[in-house]
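Let me begin by presenting the structure, written as C-alpha cells, before commenting on it.
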Amino acid sequence: MYAPPVDALAQARERTFALVAHLDDADLERQVDPLMSPLAWDLAHIAAYEDLWLVHRYAGEPLLYPELAARYDAFETPRAVRGEIELLDAEGAREYLAAVRERTLAAIDAHGVDPVLHEMVLRHELQHTETMRQAMRLGDLLAPGEPLLHSLDGHGRSAWVEIPAGAFAMGAADGVFSYDNERPRHRVEVGAFRIARRPVTNATWLHFTEGGGYQRREWWSDEGWAWKEDYDITHCHDAEAGLPDVPVCHVSWFEADAFARSRGARLPTEAEWEKAATWTQRTDPGALDGIGQAWEWTSSWFDGYPGFVAHPYREYSEVFFGTQYRVLRGGSWATDPRIATATFRNWDLPQRRQIFAGVRLASDLPEES
Ligand code: AVJ
Ligand code: FE
C-alpha cells in the first residue's frame, strides 16, 4: 500500500518550483507581510529540513551547511525576524534545494527509504507550498487562476446533514502515515448533531456583515470583541470581493464563532467534524459539499489525543498544544490531497486571517422523546 515516495518527492519539487516560476527573485526575497516569511526563506527551509532528516539524521552524514541550520530552523528564527537577517538569495535557495536533493537521492541509494521520515519530509514540502501561497496572496503574487475556489451547488438538498449519536474511532489508523497529533486512534462518544451540508458562502457572509454582524456585541466572545475593536475589523474583505456562491475564505476563528452565534448555531467540535466526514464517506459520499476548498474552523483547542507520544519531529505538534490554537479541518484549495485527509489536524491562533479558512456550521439536534 505504501509507495516509496521518490517519484512523489520529484513531483512535489517540480510543483514547488512551478509555484514561484512567474515571480522575480526580488519578490522571492522580500518579506511581503510580517506574519509570513520571505518566499526564499521557505525554499531554503525546505532544503534545510530535508538535509536534517533525510541526510543527517537518517543517513548519518554531516549537514551540508551547518552554519545555516539555525537561520532556517522555524523555532530558532521566528517569522517576524526572517525579513531582517541575512538569508540566502533566491538563487542560493534554489541551489541549496538542488544540492540537498542530490544528497537525499544518494542516501536513498545507500540506505533505502524510511516510510516515516521520507513521507514526513515530502509532506513538509507540500505543507510549505500552502504557507507560501498564503504569503503570495498577501503580496498579490498568486499565479493567474488562483485562488481556486468553486461555486457551490447544493440546490434541492437539505441544508443540514443529521449525524446520529454514537461512538466512532477518532484519529489515524495504524499502517498508514500519520502525524503524531492524529494518534493514537481512540473511541469517542458523540451525541446526535447536525452539520451544514455546505460551507458558508461569501453571499451569506455579506448578510452577516450587513445585518450588523460586526456590531452586535452579543454575538461575539469577549476575546473576539476585543480583537475586533483593537484592530478595527468591520468586514471580511475577501467575502466582499469574491463570487457570491463560493465558500467564504480568510475569516478568523473569532469571526467564525460570532457568525455561528448570529445563526443560532455553533462551530462543530473536531470530533464532530471527523465523525461527520468519516460517517458520510461510508453512508453518503458527497453528503458534505465543498470540503477541501477552505479550511473549516472547529470549536476545539489543539491538544494531544489521550496517550499522545511526540514522534519523530517533536516540534511539529506538541509545542502548540493547550489553549492557544484552534483546530481547523478539511483542507483548502491550496492543500495537497496527500495532506488533506479526514484525520489531518491543522491549527492556528483565533485571530489569524491569512490562512485559507472558512466556516461550516453545526448545531445540536432536539432531544428525541
Ligand atoms: C500544520 C500548517 C500548522 O505551518 O506551522 C510546516 C506545518 N510545520 N513546518 C505550520 C509545518 C513545520 C504547520 N501547520
Ligand atoms: Fe517547516
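The values are calculated or read from the model by the stated rules, or taken from the named source; none is laboratory data. Quick caveat, the model's predicted, so the values are computed rather than measured. All Cβ positions, even for glycine, are placed from backbone atoms using ideal geometry, and neighbour counts span all protein chains on display.
Of the numbered conditions (1) aliphatic (A, V, I, L, M); (2) within 12 Å of ligand 1 (Cβ to nearest atom); (3) more than 30 Å from TYR58 (Cα to Cα), VAL319 satisfies every one except a single condition; which is it?
Tallying (1) aliphatic (A, V, I, L, M); (2) within 12 Å of ligand 1 (Cβ to nearest atom); (3) more than 30 Å from TYR58 (Cα to Cα), VAL319 fails exactly one: (3).
I'd like to know if region 87-108 contains one or more residues that are assigned to a loop (DSSP other than H, G, I, E, B), out of contact with any helix residue (DSSP H, G or I) (no Cβ under 6 Å at 6 or more places or on another chain) and small (Gly, Ala, Ser).
no
Run ALA44 past the list (1) surrounded by 12 or more Cβ atoms within 10 Å (Cβ to Cβ); (2) free of Cβ contacts under 8 Å to residues at least 12 places away in the same chain; (3) within 16 Å of ligand 1 (Cβ to nearest atom) and report the number of the one that doesn't hold.
Only one criterion in (1) surrounded by 12 or more Cβ atoms within 10 Å (Cβ to Cβ); (2) free of Cβ contacts under 8 Å to residues at least 12 places away in the same chain; (3) within 16 Å of ligand 1 (Cβ to nearest atom) is unmet by ALA44, namely (2).
With respect to LEU87, is the statement that it is surrounded by 15 or more Cβ atoms within 10 Å (Cβ to Cβ) and modelled with pLDDT of 95 or more true?
Values: surrounded by 15 or more Cβ atoms within 10 Å (Cβ to Cβ): yes; modelled with pLDDT of 95 or more: no.
Taking the combined requirement at face value, the residue does not satisfy it.
To keep it simple, each residue is scored yes or no on (1) in contact with an Asp or Glu (Cβ under 7 Å, 6 or more places away or on another chain); (2) closer than 14 Å to ARG103 by Cβ.
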| site | (1), (2) |
| --- | --- |
| ALA8 | no, no |
| ALA26 | no, no |
| LEU35 | no, no |
| TRP41 | no, no |
| ASP51 | no, yes |
| PRO66 | no, yes |
| ALA70 | yes, no |
| ASP73 | no, no |
| ALA90 | yes, no |
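Just checking, which of ARG71, ARG103, ARG57 is more than 30 Å from VAL32 (Cα to Cα), within 16 Å of ligand 2 (Cβ to nearest atom), of a type in the set (Lys, Arg) and more than 23 Å from the chain's Cα centre (by Cα)?
Result: ARG57 is the single residue among ARG71, ARG103, ARG57 that is more than 30 Å from VAL32 (Cα to Cα), within 16 Å of ligand 2 (Cβ to nearest atom), of a type in the set (Lys, Arg) and more than 23 Å from the chain's Cα centre (by Cα).
Give the residue, chosen from GLU67, GLU61, that is within 30 Å of GLY112 (Cα to Cα), touching a residue at least 24 places away in the same chain (Cβ under 8 Å) and assigned by TED's automatic domain parsing to the domain that holds ARG123.
Answer to the check: GLU61.
I'd like to check something: does region 118-132 contain any residue that is modelled with pLDDT of 95 or more, away from ligand 2 (no atom under 16 Å from the Cβ) and hydroxyl-bearing (Ser, Thr, Tyr)?
The answer is no, given that none of the residues of region 118-132 is modelled with pLDDT of 95 or more, away from ligand 2 (no atom under 16 Å from the Cβ) and hydroxyl-bearing (Ser, Thr, Tyr).
Give me a count of the residues in region 319-335 that are farther than 30 Å from VAL246 by Cα and out of contact with any Gly (no Cβ under 7 Å at 6 or more places or on another chain). Explain how you work it out, then say what you get.
Here is the first cut: in region 319-335, the ones farther than 30 Å from VAL246 by Cα are 319-323.
This time we only want the ones that are out of contact with any Gly (no Cβ under 7 Å at 6 or more places or on another chain), so: 319-320, 322-323.
Count: 4.
Just checking, does region 103-123 include any residue being closer than 25 Å to GLN31 by Cβ, surrounded by fewer than 19 Cβ atoms within 10 Å (Cβ to Cβ) and in contact (Cβ under 8 Å) with a residue 24 or more places away in the chain?
Within region 103-123, not a single residue is closer than 25 Å to GLN31 by Cβ, surrounded by fewer than 19 Cβ atoms within 10 Å (Cβ to Cβ) and in contact (Cβ under 8 Å) with a residue 24 or more places away in the chain.
Taking region 47-75 as the region of interest, how many residues are more than 13 Å from ligand 1 (Cβ to nearest atom) and part of a loop (DSSP other than H, G, I, E, B)?
11
Residues that are at pLDDT 95 or above and surrounded by fewer than 19 Cβ atoms within 10 Å (Cβ to Cβ): which helices (runs of 4 or more DSSP H) entirely in region 171-286 hold 3 or more of them?
Answer list for region 171-286: 202-210, 222-230, 237-241.
Within region 138-147, identify whether any single residue is within 15 Å of ligand 1 (Cβ to nearest atom) and either free of Cβ contacts under 8 Å to residues at least 40 places away in the same chain or within 23 Å of VAL176 (Cα to Cα) (or both), and answer yes or no.
no
Test of understanding: among THR323, THR341, THR335, which residue is in a loop (DSSP other than H, G, I, E, B) and either buried (at least 21 other Cβ atoms within 10 Å of the Cβ) or at positive phi (or both)?
Values: THR323 fails: either buried (at least 21 other Cβ atoms within 10 Å of the Cβ) or at positive phi (or both); THR341 fails: either buried (at least 21 other Cβ atoms within 10 Å of the Cβ) or at positive phi (or both).
From the options THR323, THR341, THR335, the qualifying one is THR335.
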